[in-house]
Amino acid sequence: MRELHVRISDEYFDDVMAVLDNYDVDCIIITGNEDKTLILCPLPTAAVSPVLDDLRQVGIGDESYTVMTKAEFVETPNFTDLRQQYSAAVRKLAKSELHAKIRDIQWPYQLYYLGTILSVIAAAAGLLLDQPALIIGAMIIAPQASSALAAPAGILLSDWELFVDSVKEQILGLGLAIICAALFGWLVRWTGFVPPGLVITQVELVGVRLSPTFLSTVGAIIAGIVGAFGYTTEQSTALIGVMIAAALIPAAAAVGLAAAWTAPVFGLGAFLLLLVSILAINLGAFLTLLAMGYQPDWRAADHSFRESIPSEQRLTVYGTLLLLLVATLSTGYLTATNIVFAQSVNQEMEMTLDQSAYTDLSLSSVQTAYGGPSWRAEPTNVTVRVSRTSNQEYPNLTKQLEGRIERRTNQDIQVTVEFTESQTVDSTSLAMRKGVLLIFSGYRVGIHTNRQNLNR
């Protein structure tokens, strides 16, 4: 529920009251000096946006004294019927409320960059230790949600200063995160706090961030959708920032660790994963805001998109939009090629293990490095983990997989097969063993009892 406070000149009084009467809104009218009138009226949250739009059409603009506050309790003659009328509508914020909320959730730049540094160091430590708890903690303190949601909101609210500042904040913040993660990784490696022979890509939590995948892209888009929906409604937003940071901070930490370990292929894949995540979050938030009815003012007004941008900001805004367009197209192409590569690897793996010679093997996981355009000289690493029920050797499996994947992808591939032992216990024999054990245990108890009786 909301309470609207609007102070108007007497010349607008009849028009404003006609709008409020049209919605059956109960009002309190306070007449003041200088031909000014203060009107106070309670509104359901879903009714705020249409009421404000109608008030602006009769001449109540941004320069007027308008305040919207939360109302904890309302009891007026018509409010119950008014609330029932809007009970089925999504209680989204009005554009002015959304604008104020986006501005309010933005961190001061000192705290934003400090929070970014602390969160990425915690994430880097969690990756090196293979500890999910540290990574979760890094997500909680990360401030990236404020800037990731401000850019799409700035476009739809025609606040181009907010849009440009948000994009700049995202670039500088994630760039700083990569540098700090690289320095932290180099420090712990140089001082010996991690084993000197550690292969960074063999750490499990690092290995899942070798390159972007279809599922990671979907997850980032959903993070943007949930973020936009949460911040434009009255739903809880406590965990939304965590979901957005989950797609960004560990990926930024992985890029920094790749630089510290001088692993260019891993660094490229992790950096591409980071770019895909941040662009997908912004795109998901933008499309969600559009779907919820937040249309830019220039589409409804008489002026064009160009006229909606202040003349002194046009060069900066156009440059920022061009940068985003180039980044989106290039990142999309590289990600698509990597997804096709990973899909080809998975299909060849499945076809190979379906052969009769490998019926005793079960596929556990497939880990692929970045497999985009083959511009590098070294082969692309593919690590396959399979489970076997015996110590039987499969000497031809690695070569067969390499040959099949190379023919399909036209790339130089290096396959590593890791075996894990598994054993299946027959349920019938296990039940028989349990029965024998129970009989034998009872017999021992009986003997022990007899001995006790003899001693007496």
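Of note:
- Search result, residues across region 150-162 that are part of a helix (DSSP H, G or I) and touching a Leu at 6+ places or on another chain (Cβ under 9 Å): 150, 151, 152, 153, 154, 155, 156
- Some residue of region 205-226 being of a type in the set (S, T, N, Q), assigned to a helix (DSSP H, G or I) and over 30 Å from residue 45 (Cα atoms): yes
- Residue count for region 318-330, restricted to those that are among the aliphatic types (A, V, I, L, M) and open to solvent by 70 Å² or more (accessible area, probe 1.4 Å): 5
- The lone exception for residue 91 - which of (1) under 25 Å from residue 157 (Cβ atoms); (2) open to solvent by 50 Å² or more (accessible area, probe 1.4 Å); (3) at pLDDT 80 or above; (4) among the basic types (Lys, Arg) it fails: (3)
- Residue identified as more than 21 Å from residue 209 (Cα to Cα) and modelled with pLDDT under 85 among 423, 400: 423
- Subset of region 289-304 [surrounded by fewer than 21 Cβ atoms within 10 Å (Cβ to Cβ) and at pLDDT 80 or above]: 290, 291, 292, 293, 295, 296
- Residue 59 touching a Phe, Trp or Tyr at 6+ places or on another chain (Cβ under 8 Å) and surrounded by 13 or more Cβ atoms within 10 Å (Cβ to Cβ): yes
- Flag if residue 28 is of a type in the set (Val, Ile, Thr), touching a helix residue (DSSP H, G or I) at 6+ places or on another chain (Cβ under 8 Å) and surrounded by 12 or more Cβ atoms within 10 Å (Cβ to Cβ): no
- Candidate set from region 170-214 (those that are in contact with a Leu (Cβ under 7 Å, 6 or more places away or on another chain) and open to solvent by 30 Å² or more (accessible area, probe 1.4 Å)); member that is nearest to residue 130 (Cα to Cα): 205
- Failed criterion for residue 75 (all others in (1) at pLDDT below 80; (2) more than 22 Å from residue 233 (Cα to Cα); (3) open to solvent by 40 Å² or more (accessible area, probe 1.4 Å); (4) out of contact with any Ser or Thr (no Cβ under 7 Å at 6 or more places or on another chain) hold): (1)
- Pair list, Cβ < 6 Å and 6+ apart or interchain, from region 56-68 residues that are part of a helix (DSSP H, G or I) to residues that are modelled with pLDDT of 75 or more and open to solvent by 50 Å² or more (accessible area, probe 1.4 Å): none
- A count restricted to region 72-119 and to residues that are part of a loop (DSSP other than H, G, I, E, B), touching an Asp or Glu at 6+ places or on another chain (Cβ under 7 Å) and within 21 Å of residue 166 (Cα to Cα) stands at 0.
- Matching option when the condition is open to solvent by less than 10 Å² (accessible area, probe 1.4 Å) and either of a type in the set (A, V, I, L, M) or without any contact (Cβ under 8 Å) to a residue 60 or more places away in the chain (or both), among 151, 125: 151
- Residue 164 crowded, with 24+ Cβ neighbours inside 10 Å, among the aliphatic types (A, V, I, L, M) and more than 20 Å from residue 292 (Cα to Cα): no
- Qualifying residue in region 235-245 (condition: closer than 20 Å to residue 338 by Cα and touching a Gly at 6+ places or on another chain (Cβ under 7 Å)): no
- Picking from residues in region 331-360 that are open to solvent by less than 70 Å² (accessible area, probe 1.4 Å) and among the polar types (S, T, N, Q), the one that is farthest from residue 407 (Cα to Cα) is 331.
The values are calculated or read from the model by the stated rules, or taken from the named source; none is laboratory data. In this text the structure is predicted, and so the values were computed from the model without any measurement. So basically every Cβ, Gly included, is an ideal-geometry build from the backbone, and we count neighbours across all protein chains shown. These accessible areas exclude ligands, DNA and RNA; they are computed on the full protein's heavy atoms, side chains included. Shrake-Rupley method; radii C 1.70, N 1.55, O 1.52, S 1.80 Å.
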